[in-house]
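Working notes, structure below.
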Amino acid sequence: MKTEQNQMETVRHSISHLMSMAVQEIYPQVGLGVGPAIEDGFYQDYDLPEPITPDILPKLEKRMRELIKQNIEFKQHDVDFDEAYKFYKHDPYKTGFIDDLKAKGEKQVSFYKSDWFDNLCAGPHVKSTKEIDPKAFKLTRIAGAYWRGDEKNKMLTRIYGLAFATPEELTAHLTMLAEAEKRDHRKIGKELELFTFAEEIGAGLPIWLPKGTIIKDELEKLAKEQEELYGYQRVSTPLITKEDLFYTSGHLPHYADSMYAPMEIDGEKYYLKPMNCPFHHTIYKAKPHSYRELPIRYAEYGLCHRYEKSGELQGLMRVRSLMMNDAHIYVRPDQVKDELKKVLELHQYYYNLFGIDKVTYRLSLHDPKDLGGKYVDKPKEWQENEQILREVLQEMKMNFVEAENEASFYGPKIDINIYSIIGKEYTVGTCQLDFSQPQKFALTYINQDGVEVMPFCIHRAPLSTHERFVGFLIEHFAGNFPLWLSPVQVKILSVGENHIPYCEQLMKDFKAVNIRVELDDKNESVGHKIRQSSKEKIPYVLVIGDKEMNSQDLAVRVRGQEELLNIAQDKFNEHLQKLISTRSLEL
Ligand SMILES: [Zn+2]
Ligand SMILES: [Zn+2]
């Protein structure tokens, strides 16, 4: 699995060299910025003498296919610094990379030569273009990207491409992308009036509208119920805190760039919290604990603020204000495994509930070379704890990959990606085993021998943040939420004015049994009202005219179904209650 992945990355990056060849044939003096393989494809940044439009992409593709068919070999060779500088004297970007390598203390730099195209690059590459399927890649779009990601620098032209092992995989991916565009949470969120952003409030600060707030509240209700079953205790902590807390946690000074600037109150600096952990540690520390009390599980839907660059903000997926389905579990070493299993079991329960069929797990490990730098310098603990996570995943028979140098600074973690119905991937949660923060906060419990020892801390957030998870759900369901999550569950449409009092009575009946109901009694045609409610993706629509009033039976339009359902009011209520109480995906 892992090696296949690496091979695909090599193919993707090699195709970007071919793209550069095709570009350089048109613009011999082109400057070359970064050009990595990315998920599903690759990109390359260019400094071009003129702006280009998407018309150029098919031309480049055609030329790249010709190059692939020539079975061009990629040959690595090392070059002295002087020679490399001379080679790139026209290109300030490549010389910038050479400067970096020189500063790192390298003796020589690596080039890859494919036919006439010689390129500063560490590789790896395919041996020859024979390994590339000319029908399994596509150039997709052109974007602007600042040199070194810095707005003060020149904006370069970035060309993106997709590449897969087979043409079938490429087609499937393109179909998924087209479908994903239709399901874009920003578009549907606006149409369904779920959330918005306001210039006067600020970028990346989502405003939940009444209907979006219902979804958020339903998710919170679900989390509270489940956490209650698993023995969590709810806590609530402030949005701001004195800076000392973040020095203890290690967020300051290292994480300062991702935090909002401090405010001064009574001569002291206060920060908006970027995460809830230090607060929960403080609660744990407020009183002594015995080994018998553990695990202690503190849960909070905590509102956090993080500074994200404005260029990186994206709908609900990348925001500056986020509400996390957070909890911290303090456990004894002998409880770690069982507790982690419970956490993952809860993850699975949620994913089943939302009809998420594909979930991938990645065990993120430290890099022994970076102990004492990026990672806490405790080699033995790293090894032991990584093994615990590995065994948990193995014993739960979960498919997972391992990735070195992806852990958090305080411990290894399990990263979880979920896929929507159409196969789009979302990073939602991590489950982290922390053996460093408890020490920084001097957290202890009294063990069986009466000795003060340190607990482990598990960080988890299976429902991610409200922002990211609701964004995912919108795209997963294309706005067609299951009944229990639907902001409006039943909509009543009156045919004529004389039916309104009966409709109002019906509405009262539904409200009395906690059904979220709306009445459309506007003086408009029934056809118009039906079209409107179908745009709103309402699960059940009742049209009330003479026939319904006289028979007291309901004619129900079920979302996505042609046939009308004729059903007695009490039977319909029973049906609704059953679907809601089981949080069913059916209608
Ligand atoms: Zn390369
Ligand atoms: Zn945490």
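The values are calculated or read from the model by the stated rules, or taken from the named source; none is laboratory data. Since this is a predicted model, take the numbers as computed values, not measurements. Methodologically, a virtual Cβ is constructed for each residue, glycine included, from the backbone with ideal geometry; neighbour enumeration extends over all protein chains shown. The accessibility values were calculated without ligands, DNA or RNA, using every heavy atom of the protein model including side chains. Shrake-Rupley method; radii C 1.70, N 1.55, O 1.52, S 1.80 Å.
Quick check on my filter: what residues within region 356-375 are out of contact with any helix residue (DSSP H, G or I) (no Cβ under 8 Å at 6 or more places or on another chain) and either open to solvent by 60 Å² or more (accessible area, probe 1.4 Å) or not in a helix (DSSP H, G or I) (or both)?
Let us first name the residues in region 356-375 that are out of contact with any helix residue (DSSP H, G or I) (no Cβ under 8 Å at 6 or more places or on another chain), namely 357-358, 360, 362, 364, 367, 369-370, 372-374.
If the condition is that a residue be out of contact with any helix residue (DSSP H, G or I) (no Cβ under 8 Å at 6 or more places or on another chain) and either open to solvent by 60 Å² or more (accessible area, probe 1.4 Å) or not in a helix (DSSP H, G or I) (or both), then D357, K358, T360, R362, S364, D367, K369, G372, G373, K374 are the ones that fit.
Checked against (1) open to solvent by less than 10 Å² (accessible area, probe 1.4 Å); (2) touching a Leu at 6+ places or on another chain (Cβ under 9 Å); (3) at pLDDT 95 or above, N385 passes all but a single condition, namely (3).
Might you let me know whether region 66-88 holds any residue that is free of Cβ contacts under 8 Å to residues at least 24 places away in the same chain and under 28 Å from E169 (Cβ atoms)? Yes, there is a match, as at least one residue in region 66-88 is free of Cβ contacts under 8 Å to residues at least 24 places away in the same chain and under 28 Å from E169 (Cβ atoms). Restricting region 460-482 to residues that are touching a Lys or Arg at 6+ places or on another chain (Cβ under 6 Å) and assigned to a helix (DSSP H, G or I) leaves a set whose member that is nearest to ligand 2 (Cβ to nearest atom) is H466.
Scanning region 419-440 for residues that are away from ligand 2 (no atom under 13 Å from the Cβ), open to solvent by less than 30 Å² (accessible area, probe 1.4 Å) and of a type in the set (A, V, I, L, M, F, W, C) yields V428, F435. In region 111-131, the residues that are under 17 Å from R63 (Cα atoms) and open to solvent by less than 20 Å² (accessible area, probe 1.4 Å) form Cβ pairs under 8 Å with partners that are in a loop (DSSP other than H, G, I, E, B) and of a type outside the set (F, W, Y), at six or more places apart or across chains, as follows: S114/I72; S114/H125; S128/N71; S128/I72; T129/Q70; T129/N71; T129/I72.
Flag set for I416, criterion: touching a helix residue (DSSP H, G or I) at 6+ places or on another chain (Cβ under 8 Å), more than 16 Å from ligand 1 (Cβ to nearest atom), open to solvent by less than 10 Å² (accessible area, probe 1.4 Å) and of a type in the set (V, I, T).
Can you name every residue in region 226-264 that is in a loop (DSSP other than H, G, I, E, B), surrounded by 14 or more Cβ atoms within 10 Å (Cβ to Cβ) and among the hydroxyl-bearing types (S, T, Y)? Those that are in a loop (DSSP other than H, G, I, E, B), surrounded by 14 or more Cβ atoms within 10 Å (Cβ to Cβ) and among the hydroxyl-bearing types (S, T, Y): Y230, Y232, T237, Y255, Y260.
Could you count how many residues in region 42-66 are assigned to a helix (DSSP H, G or I) and of a type in the set (D, E)?
2
Sub-6 Å Cβ pairs linking a first residue in region 276-293 that is over 12 Å from P438 (Cα atoms) to a second residue that is open to solvent by 80 Å² or more (accessible area, probe 1.4 Å) and away from ligand 2 (no atom under 12 Å from the Cβ), at least 6 apart or interchain, are Y291/Q448, ordered by first then second residue.
Within region 184-203, residues that are under 12 Å from K535 (Cα atoms) have Cβ atoms under 6 Å from residues that are open to solvent by less than 100 Å² (accessible area, probe 1.4 Å) and among the β-branched types (V, I, T) in these pairs: I188/I474, counting only partners at least 6 apart in sequence or on another chain. Taking region 98-122 as the range and being within 15 Å of ligand 1 (Cβ to nearest atom), touching a helix residue (DSSP H, G or I) at 6+ places or on another chain (Cβ under 8 Å) and charged (D, E, K, R) as the test, the residues that pass are D115, D118. Taking region 538-562 as the range and being part of a helix (DSSP H, G or I) and of a type in the set (D, E, K, R) as the test, the residues that pass are D546, K547, E548.
Looking at L587, L519, just one residue is under 27 Å from A478 (Cα atoms), without any contact (Cβ under 8 Å) to a residue 60 or more places away in the chain and not aromatic (F, W, Y), and that residue is L519. Note on region 295-325: among residues that are acidic (D, E) and closer than 21 Å to A256 by Cβ, the one that is farthest from ligand 1 (Cβ to nearest atom) is E308.
Just one of the listed residues (S533, S494, S436) is among the hydroxyl-bearing types (S, T, Y) and over 36 Å from the mean Cα position of the chain (by Cα), and it is S494.
Conditions (1) closer than 21 Å to L389 by Cβ; (2) assigned to a loop (DSSP other than H, G, I, E, B), marked per residue:
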residue: Y284; (1), (2): no, no
residue: Y307; (1), (2): no, yes
residue: D326; (1), (2): yes, no
residue: I329; (1), (2): yes, no
residue: V336; (1), (2): yes, no
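For E106, the conditions (1) touching a residue at least 40 places away in the same chain (Cβ under 8 Å); (2) open to solvent by less than 90 Å² (accessible area, probe 1.4 Å) are fulfilled apart from (1).
Here are some residues: K135, K130, K152. Which one is more than 15 Å from D47 (Cβ to Cβ) and assigned to a helix (DSSP H, G or I)? Every option except K130 fails the conditions. Taking E50 as the residue in question, decide whether it is out of contact with any strand residue (DSSP E or B) (no Cβ under 6 Å at 6 or more places or on another chain), farther than 22 Å from N153 by Cα, open to solvent by 60 Å² or more (accessible area, probe 1.4 Å) and away from ligand 1 (no atom under 14 Å from the Cβ). It is false that E50 is out of contact with any strand residue (DSSP E or B) (no Cβ under 6 Å at 6 or more places or on another chain), farther than 22 Å from N153 by Cα, open to solvent by 60 Å² or more (accessible area, probe 1.4 Å) and away from ligand 1 (no atom under 14 Å from the Cβ). For region 276-290, name all the residues that are of a type outside the set (A, V, I, L, M), open to solvent by 50 Å² or more (accessible area, probe 1.4 Å) and within 16 Å of ligand 2 (Cβ to nearest atom). Answer for region 276-290, where residues must be of a type outside the set (A, V, I, L, M), open to solvent by 50 Å² or more (accessible area, probe 1.4 Å) and within 16 Å of ligand 2 (Cβ to nearest atom): T282, K285. For region 215-225, residues that are surrounded by fewer than 17 Cβ atoms within 10 Å (Cβ to Cβ) and touching a helix residue (DSSP H, G or I) at 6+ places or on another chain (Cβ under 6 Å) total 0.
Scanning region 134-146 for residues that are under 15 Å from T166 (Cβ atoms) and surrounded by fewer than 18 Cβ atoms within 10 Å (Cβ to Cβ) gives P134, K135.
Conditions tested, residue by residue: (1) farther than 28 Å from L209 by Cβ; (2) surrounded by 20 or more Cβ atoms within 10 Å (Cβ to Cβ).
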site	(1), (2)
M507	no, no
E518	no, no
Y540	no, yes
G545	yes, no
A555	yes, no
N566	yes, no
H575	yes, no
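Pairing residues of region 435-457 that are within 20 Å of Y247 (Cα to Cα) and part of a strand (DSSP E or B) with residues that are within 13 Å of ligand 2 (Cβ to nearest atom) and not aliphatic (A, V, I, L, M), at Cβ distances under 6 Å and at least 6 apart in sequence or on separate chains, gives C457/H328; C457/Y330; C457/D434; C457/Q437; C457/P438. Looking across E312, E293, one residue alone is open to solvent by 30 Å² or more (accessible area, probe 1.4 Å), charged (D, E, K, R) and at pLDDT 95 or above. It is E293. For A163, the conditions (1) more than 30 Å from P51 (Cα to Cα); (2) touching a residue at least 60 places away in the same chain (Cβ under 8 Å); (3) aliphatic (A, V, I, L, M) are fulfilled apart from (1).
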